[in-house]
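These notes are about the structure you will find just below.
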Amino acid sequence: MNDLLDHTDAQFVIASRQSPRHPRSGPRLVHVRSDLNDIASVRTTLAGAAVVVHCAGPYQSQPPTLLRAAIESGVHYVDLAEDPEFVRQTLIFHEAAKRVHVAIVSGASVVPGLTALLAQSLHFERADSIRTFVAPGTRGSRGLATVRSLLRGVGRPLPLLRGGRETVVRGWSEPEWIEFPPPIGWRLQYLAIATADRDVLSRELEARSIEFKAGSEFSWLNRSLGAVSRLTARSSFPSLERWANTIRKCLKLLGWFGTDAGGVIVEVAGRLNNEPARQQIAVTAAREGERIPSLLAAIAAAALLRGELTARGVVPLSTWLPTAQLFDELCLRGLRVWLKQRPDVGWRLVNDTAEVRQ
């Protein structure tokens, strides 16, 4: 919301099931009560809108109620979904949305949206493998839905695409140390949860191996979740999801001892300039790193409001925003873009898109 307020002149209706305890106020903000289970209230909320941004996660098992209502109302639709099934179901609305000139931007989060754009920016002729690594800011608050989503995957079967074949591993397994650009540094990363990048990146970029890894700056916390994953796989160890609220409160306390820097790395391996290559591109925020997952949705919504995003129906996530504009939008918001062209060299700050193509 802050990003859209800063970068557009639009009026905003903030819809939620319950009235917020401490609502934000301002001449461009209106708060209303609306429930996705009450289609009449959804239609009322959408009346007169130009764009709707669906950020009422978690998206797992959610029906496409808001998307249906948006198409019926002729309103452009954006969501921050990372859940593979939720993003997959939006494809069936492609023709219906095109007929009424509505754009659908589904998955405008780190994965699959930002990953797809960053991977595309490297201009590989063939992307055999695409891996995403996330180092979230620790100080930022985590919603209960976000914590539940992460805990739900600990020790659970996690489908992956490797070498063009479906395989299954455990959630929160296969630890790996990854070096992020400054000020983040080295982070211990684990295969975390099932995300929509497997479908999107294989479809749009023809990648044959796709992974998503994440990890807190507290290595002991990552290792603890890894231990629980192993216990869950070997026994009937109870799911951590039942303690989500307690864990969320603990994470909030831990935030006082951590950093709010955050970052994302996308690694692509394949053929570049007709030679084997492996490159990494990263986006970092020195502060308020927790805002990175929501920035792409704000950028998409702003582009729709300005009439710059003209595609209709389901918008391809890897090509809707030119690389130069993506970098400009990120830099405008105080983020930095970095490039590592070989595994044996360090990170280099990218000033413009020409440097990525060198």
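Work out from phi, with θ = phi - 60° and the Karplus expression 6.51 cos²θ - 1.76 cosθ + 1.60, the ³J(HN,Hα) of each residue of the stretch 89-99, listed in order in whole Hz, and give x for Gly and Pro.
Karplus-based 3J(HN,Hα) across the stretch 89-99 equals 6, 5, 4, 6, 9, 4, 5, 4, 5, 4, 4 Hz.
Within 12 Å, Cβ to Cβ, of residue 345, how many net charges do the neighbouring residues add up to if Lys/Arg are +1 and Asp/Glu are -1?
With Lys, Arg at +1 and Asp, Glu at -1, the net is +2.
I'd like the accessible area for residue 344: 1.4 Å probe, protein heavy atoms, all chains in place, Å² to the nearest 10.
It works out to around 120 Å².
Which of (i) 20.0, 58; (ii) 24.4, 78; (iii) 20.4, 62 is the computed Rg and Dmax of the Cα atoms in Å for the structure on display?
(i)
Rule-of-thumb check for the stretch 24-147: C-alpha Rg over 2.2 N^0.38 Å?
1.21
Cross-link candidates for residue 249: which aspartates and glutamates have Cα within less than 15 Å, leaving aside residues fewer than 8 places away along the same chain?
Once the sequence-local aspartates and glutamates are set aside, what remains near residue 249 is 241.
In square angstrom, rounded to the nearest 10, how much accessible surface does residue 249 have for a 1.4 Å probe?
Approximately 110 Å² of residue 249 is accessible to the 1.4 Å probe.
Go through 246, 274, 341 and say which Cα lies farthest out towards the positive end of the charge dipole of the chain; charges sit on Cβ, +1 for Lys and Arg, -1 for Asp and Glu.
246
Taking only DSSP H segments of four or more residues, each worth -39500 (n - 2.57), what value at 222 nm results for the chain once the sum is divided by all its residues, to the nearest 500 deg cm²/dmol?
Result for the chain, helices only: -9000 deg cm²/dmol.
Ordering 211, 176, 85 by accessible area with a probe of 1.4 Å, largest first, what comes out?
So the residues, ranked largest to smallest area, are 85, 176, 211.
Which value, in Å² and to the nearest 10, is the accessible area of residue 308 when all protein chains are kept and the probe is 1.4 Å?
100
Excluding same-chain residues fewer than 8 positions from residue 98, which aspartates and glutamates have a Cα within less than 17 Å of its Cα?
Output for residue 98: 72, 308.
With no solvent and one equal point scatterer per Cα, compute the Debye intensity ratio I(q)/I(0) for the stretch 183-339 at 0.08, 0.11, 0.19, 0.21 Å⁻¹ and report its log10, rounded to two decimals.
-0.33, -0.62, -1.42, -1.51
Could you order 33, 126, 165, 348 so the one with the most accessible surface comes first? Probe is 1.4 Å.
Of 33, 126, 165, 348, the descending order of accessible area is 165, 33, 126, 348.
Please list 94, 76, 123 from largest to smallest accessible area, probe radius 1.4 Å, with all protein chains kept in place.
123, 94, 76
The values are calculated or read from the model by the stated rules, or taken from the named source; none is laboratory data. Just so we're clear, the structure is a prediction, and the values are computed from it rather than from any experiment. Note that each Cβ is placed from the backbone with ideal geometry, even for glycine, and that neighbours are counted across all protein chains shown. Calculation scope for accessible area: heavy atoms of the full protein, side chains included, ligands and nucleic acids excluded. Shrake-Rupley method; radii C 1.70, N 1.55, O 1.52, S 1.80 Å.
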